[in-house]
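Structure first, then comments.
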Amino acid sequence: MGTEIPVHVGIIMDGNGRWAQMRGRTRSQGHLEGLKAAKRIVKAASDMGIRYLTLYAFSTENWKRTADEVGFIMGLIKQYLRGELDFYRENRIRIRHAGDAAGLPLDIQAELLSAAADTAAFEGTQVILAINYGGRDEIVRALRRLAASGRMTGADMPALTERDIAACLDNPDVPDPDLIIRSAGEYRTSNFLLWEGAYAELCVSPKFWPDWTGDDLAAALSVFQGRDRRFGGIPAVAAAVKS
Ligand code: FPP
């Protein structure tokens with residue numbers, strides 16, 4: 001049983017819609033409560049000393065939702081980026097983005113740039129907002145960046161390494177997630193951190209996202225601490241036994 005805190009935690013914040021449906025409320029109300037939960041979890045992660053927290057706020061597939069729902073979520077994201085500056089400052093939280101910024105509305109692009117610039121020097125928890133994010137899309141964009149950099153041409157492709165691709169991801173300095181949490185009970189990763197999450201521990205909670213509190217994050221961390229991470233190797237006990 002380990003006691004170490006994961007350096008990087010990713011969260012698939014799922015279940016806003018079901019939370020609302022169960023209460024006879026609108027999906028928008030579910031997302032609004034989801035935003036409040038995200039604020040609670042960012043504060044809890046910061047208090048626990050988690051270095052990196054990636055929140056899956058809007059996927060490349062979420063554009064399939066109605067224009068009203070997409071517009072509402074974008075409004076919440078804008079409100080979160082603009083309205084929380086005092087909170088970021090007090091808690092030394094740095095805001096970053098993962099995803100295809102160019103595919104976002106211009107006002108959201110501007111808010112992301114401004115929140116990232118305003119918080120760039122803060123040395124506390126780094127909150128990476130995955131917005132218009134898809135794991136496959138990130139890998140495609142990474143390969144395009146690599147090609148555009150001129151560092152590798154077609155003739156160099158046989159020598160391509162994992163490191164070459166990793167260096168062109170959205171946030172290459174951020175370590176891979178140790179733990180990926182999903183709320184609302186479904187056992188899938190839904191195109192989240194496909195490359196980076198290769199060896200992340202997965203923790204699925206049945207609780208809908210709007211009900212999440214710091215206690216749920218603490219419980220997920222205890223599950224993580226109970227895991228034996230082998231990265232494809234063998235357990236220490238087995239390694240000591242002669243094969
Ligand atoms: C998944 O629930 C949630 C989303 C697609 C949106 C998440 C957005 C927020 C919580 C607000 C913005 C957050 C930040 C941090 C800026 P769902 O709608 O898929 O739920 P369902 O599967 O029950 O329908």
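The values are calculated or read from the model by the stated rules, or taken from the named source; none is laboratory data. None of these values were measured; they are calculated from a predicted model. Backbone-built Cβ (ideal geometry, glycine too); neighbour counts: all protein chains shown.
Which count do you get for residues in segment 53-68 that are under 17 Å from the mean Cα position of the chain (by Cα) and either within 11 Å of the ligand (Cβ to nearest atom) or in a strand (DSSP E or B) (or both)?
So the answer is 9.
Taking the criterion of being in contact with a Ser or Thr (Cβ under 8 Å, 6 or more places away or on another chain), under 25 Å from Ile181 (Cβ atoms) and either among the small types (Gly, Ala, Ser) or at pLDDT 95 or above (or both), would at least one residue in segment 102-120 satisfy it?
Checked against the condition, which is being in contact with a Ser or Thr (Cβ under 8 Å, 6 or more places away or on another chain), under 25 Å from Ile181 (Cβ atoms) and either among the small types (Gly, Ala, Ser) or at pLDDT 95 or above (or both), segment 102-120 yields no hits at all.
Would you mind finding the one in Thr125, Thr161, Thr189 that is more than 24 Å from Arg51 (Cα to Cα) and of a type in the set (S, T, N, Q)?
None of the others qualify; the one that does is Thr161.
On the given criteria, is Ile50 more than 8 Å from the ligand (Cβ to nearest atom), more than 19 Å from Ala184 (Cβ to Cβ) and buried (at least 17 other Cβ atoms within 10 Å of the Cβ)?
Working: more than 8 Å from the ligand (Cβ to nearest atom): yes; more than 19 Å from Ala184 (Cβ to Cβ): yes; buried (at least 17 other Cβ atoms within 10 Å of the Cβ): yes.
Yes, satisfied.
Looking at Arg25 and the list (1) surrounded by fewer than 18 Cβ atoms within 10 Å (Cβ to Cβ); (2) of a type outside the set (S, T, N, Q); (3) part of a helix (DSSP H, G or I), which single condition is not satisfied?
(3)
Consider segment 150-201. How many of its residues are of a type in the set (D, E, K, R), surrounded by 15 or more Cβ atoms within 10 Å (Cβ to Cβ) and more than 18 Å from Glu138 (Cβ to Cβ)?
Final tally of qualifying residues: 3.
Collect the residues in segment 1-45 that are under 27 Å from Arg92 (Cβ atoms), among the basic types (Lys, Arg) and within 8 Å of the ligand (Cβ to nearest atom), keeping them in residue-number order.
Lys39
Would you confirm, using the coordinates I've provided, whether Leu217 is within 30 Å of Arg25 (Cβ to Cβ) and among the aliphatic types (A, V, I, L, M)?
yes
So in segment 154-189, with the set limited to residues that are touching a residue at least 60 places away in the same chain (Cβ under 8 Å) and more than 16 Å from the ligand (Cβ to nearest atom), which one is farthest from Gly226 (Cα to Cα)?
Going through the qualifying residues, I end up with Asp170.
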